[in-house]
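The values are calculated or read from the model by the stated rules, or taken from the named source; none is laboratory data. Computed from a predicted structure; not experimentally measured. We place every Cβ from the backbone using ideal geometry, glycine too, and count neighbours over all the protein chains shown. Accessible surface areas use protein heavy atoms only, side chains included; no ligands, DNA or RNA. Shrake-Rupley method; radii C 1.70, N 1.55, O 1.52, S 1.80 Å.
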Amino acid sequence: MTFKETVILAIKLAHRQQQELVVGREDGRWEIVPITDARSDQLRPSVIVTGAGLKYPEHEDLYARLVAEGA
């Protein structure tokens, strides 16, 4: 899955599960983990998503850059 597809899926999951999730890269793959999972701190680069979208404005810039790079 691409970064964009993973973020879209994470937003849907966050809405359904009513929790914040982290989307980040680990071992060359995009992963979705709950923000409460200790692994979420190890994902790089990463963004935090809620059921409404990206949590922080600076994550929108990172999202746009990664999508433009074809991540």
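Restricting the search to region 6-34, which residues are assigned to a helix (DSSP H, G or I) and surrounded by 21 or more Cβ atoms within 10 Å (Cβ to Cβ)? Outline the logic, then answer.
We begin by selecting, within region 6-34, every residue assigned to a helix (DSSP H, G or I); these are 6-17.
Correct list: Val7, Ala10, Ala14.
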- Message: It is to be established whether one or more residues within region 57-69 are at pLDDT 95 or above and in a loop (DSSP other than H, G, I, E, B).
- Response: no
- Task: For region 35-46, state whether one or more residues are at positive phi and either outside any strand (DSSP E or B) or in contact with a Ser or Thr (Cβ under 9 Å, 6 or more places away or on another chain) (or both).
- Result: no
- Out of region 12-34, which residues are touching a helix residue (DSSP H, G or I) at 6+ places or on another chain (Cβ under 7 Å) and on the phi > 0 side of the Ramachandran plot? none
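Kindly check whether there is at least one residue in region 38-46 that is in contact with a Lys or Arg (Cβ under 9 Å, 6 or more places away or on another chain), closer than 18 Å to Ala71 by Cα, open to solvent by 80 Å² or more (accessible area, probe 1.4 Å) and without any contact (Cβ under 8 Å) to a residue 40 or more places away in the chain. Give the steps one after another, and end with the answer.
Kept after step one, since they are in contact with a Lys or Arg (Cβ under 9 Å, 6 or more places away or on another chain), are these residues of region 38-46: 43-46.
Remaining after also requiring closer than 18 Å to Ala71 by Cα: 43-46.
Remaining after also requiring open to solvent by 80 Å² or more (accessible area, probe 1.4 Å): 44.
This time we only want the ones that are without any contact (Cβ under 8 Å) to a residue 40 or more places away in the chain, so: 44.
Looking for residues that are in contact with a Lys or Arg (Cβ under 9 Å, 6 or more places away or on another chain), closer than 18 Å to Ala71 by Cα, open to solvent by 80 Å² or more (accessible area, probe 1.4 Å) and without any contact (Cβ under 8 Å) to a residue 40 or more places away in the chain, one finds at least one in region 38-46, hence yes.
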